[in-house]
């Protein structure tokens, strides 16, 4: 009985810590905050996707430690499995600017779209490279949580094939053609290649597949 109660207890109860104490720990430890925010973002991402379209099915997580299989989540839409890469904004990149064209304020920032560590990637011509860059096509849908813009959960979505490529001068033209940029600008409201409506992007992905 005690084991059953312990299992149902909140993490605060299990760790004998208050909400205020956990908040202080998160605020004082950026690395802890980053890890927690990433997983909380995935939770809200799936809620967002399935609420926008009940036909979207969450197929679960990819292996966090897999260097070959990128994509944080896998969803199924119209019978097709789609790899979703979930990323966050870099806090120190966030600004609020005035858009003279629209006469409105916009948020700008950057998201880091790369692997957590260096690994060997193989290109279509058989050559390899040690890099943290993600290859074009390693996942299908990029979902950037824009929580830091307005302190609410909303996402900017983009196709992998629409993302900018690496411009790193030490890589060859061929390598840059097959590697994504590690820093990608994001705005709110979103501007192409990003969209707030995931269905727009998902339909485009499916159209490319067919």
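Which residues, counting only those in region 1-46, are modelled with pLDDT of 90 or more and outside any helix (DSSP H, G or I)? Selection gives 10, 15, 16, 17, 18, 29. Considering only residues that are assigned to a loop (DSSP other than H, G, I, E, B) and in contact with a strand residue (DSSP E or B) (Cβ under 9 Å, 6 or more places away or on another chain), look in region 81-109 and name the one that is surrounded by the fewest Cβ atoms within 10 Å (Cβ to Cβ). By that ranking, first place goes to 90.
Annotation for region 182-198: at least one member residue is touching a residue at least 60 places away in the same chain (Cβ under 8 Å) and either part of a helix (DSSP H, G or I) or on the phi > 0 side of the Ramachandran plot (or both).
Looking across region 125-141, the residues that are out of contact with any strand residue (DSSP E or B) (no Cβ under 6 Å at 6 or more places or on another chain) and surrounded by fewer than 10 Cβ atoms within 10 Å (Cβ to Cβ) come down to 125, 126.
Of the listed requirements (1) part of a helix (DSSP H, G or I); (2) within 20 Å of residue 120 (Cα to Cα), residue 168 misses just one: (1). Comparison of 199, 205 shows that the only residue that is within 14 Å of residue 84 (Cβ to Cβ), crowded, with 16+ Cβ neighbours inside 10 Å and more than 15 Å from the chain's Cα centre (by Cα) is 205. For region 125-160, a residue qualifies if it is out of contact with any helix residue (DSSP H, G or I) (no Cβ under 7 Å at 6 or more places or on another chain), over 23 Å from residue 73 (Cβ atoms) and either modelled with pLDDT of 95 or more or assigned to a strand (DSSP E or B) (or both), and the qualifying residues are 125, 126, 127, 128, 130, 131. Listed by first and then second residue, the pairs linking a residue in region 112-141 that is over 22 Å from residue 91 (Cα atoms) to a residue that is in a loop (DSSP other than H, G, I, E, B), with Cβ atoms under 7 Å apart and 6 or more places separating them unless they lie on different chains, are 119/67; 123/178; 135/178; 136/178; 138/70; 139/70; 139/71.
Within region 19-40, the residues that satisfy the criterion of being closer than 25 Å to residue 9 by Cβ and under 20 Å from the mean Cα position of the chain (by Cα) are 32, 33, 35, 36, 37, 38, 39, 40.
The values are calculated or read from the model by the stated rules, or taken from the named source; none is laboratory data. On a predicted model such as this, the values are computed, not experimentally measured, just so you know. All Cβ positions, even for glycine, are placed from backbone atoms using ideal geometry, and neighbour counts span all protein chains on display.
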